[in-house]
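Let me begin by presenting the structure, written as structure tokens, before commenting on it.
The values are calculated or read from the model by the stated rules, or taken from the named source; none is laboratory data. Here the structure is a predicted model, which means the values were calculated and not measured. Don't worry about glycine lacking a Cβ; one is built from the backbone with ideal geometry, like all the others, and counts go over all protein chains shown. The area values use the complete protein model at the heavy-atom level, side chains included, leaving out ligands, DNA and RNA. Shrake-Rupley method; radii C 1.70, N 1.55, O 1.52, S 1.80 Å.
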Amino acid sequence: CLYAQKIAPNMMKDLTGLHYEVLLRMLDDEGGIIPPNAFLPAAERYHLMTKIDKWVIEHLFEYLSTHPEHLSEVTLCSINISGPSLTAPDFQQTVIDSLQYYNIPPAKICFEITETTAISNLTDAIAFIDTMHKRGCSFALDDFGTGLSSFAYLKYLPVDYLKIDGVFVKGIVEDPIDY
């Protein structure tokens, strides 16, 4: 099932209105929530991530389309994209087709790609970003600092937002080294 984690306005000063990141959760037999770290590794191992990414996009876009009052309040909705989806030949077209079919304004969609995924699939990441930018979507580089972390890559990745990993900013107020 899908959850929305609101992005607080003070974190994104350039955005007004509703901004959230869509998160995937799984429900157990009793309706309890299974966290992603308990099921995504298996999905990755069995090569299901592109199917899951398509499911997320399909269900999110359907929800936004059938709830126009909610869609009108949304400024930006962030969606995580896995590495396998970036390299899947039909994934990009699926996203484009879904945007058109559900009539979702592309400017309201921000795709998030982790730093490690982007760098290890640099050519595919740049191609996907460029194509979706031309359609009006935006991009965030997620978990910056956890992987190969080089500011040089930022010159080649045309992202709109940089999400620095929490380990770097967690103690920024109290710890001079974090600062």
Single residue of segment 63-101 satisfying the filter (under 15 Å from MET49 (Cβ atoms) and in a loop (DSSP other than H, G, I, E, B)) that is nearest to the chain's Cα centre (by Cα): ILE81
Which numbered condition ALA43 misses (of (1) closer than 22 Å to THR94 by Cα; (2) surrounded by fewer than 17 Cβ atoms within 10 Å (Cβ to Cβ); (3) of a type in the set (A, V, I, L, M, F, W, C); (4) without any contact (Cβ under 8 Å) to a residue 40 or more places away in the chain): (2)
So ASP160, is it open to solvent by 40 Å² or more (accessible area, probe 1.4 Å), of a type in the set (Asp, Glu) and modelled with pLDDT of 80 or more: yes
The one condition in (1) in a helix (DSSP H, G or I); (2) crowded, with 16+ Cβ neighbours inside 10 Å; (3) in contact with a Ser or Thr (Cβ under 9 Å, 6 or more places away or on another chain) that GLU58 fails to fulfil: (2)
Residue match in segment 67-84 (condition: of a type outside the set (Val, Ile, Thr), within 25 Å of LEU122 (Cα to Cα), without any contact (Cβ under 8 Å) to a residue 60 or more places away in the chain and open to solvent by 40 Å² or more (accessible area, probe 1.4 Å)): yes
Subset of segment 102-117 that is part of a helix (DSSP H, G or I) and touching an Asp or Glu at 6+ places or on another chain (Cβ under 9 Å) - its residue that is nearest to ASP53 (Cα to Cα): THR117
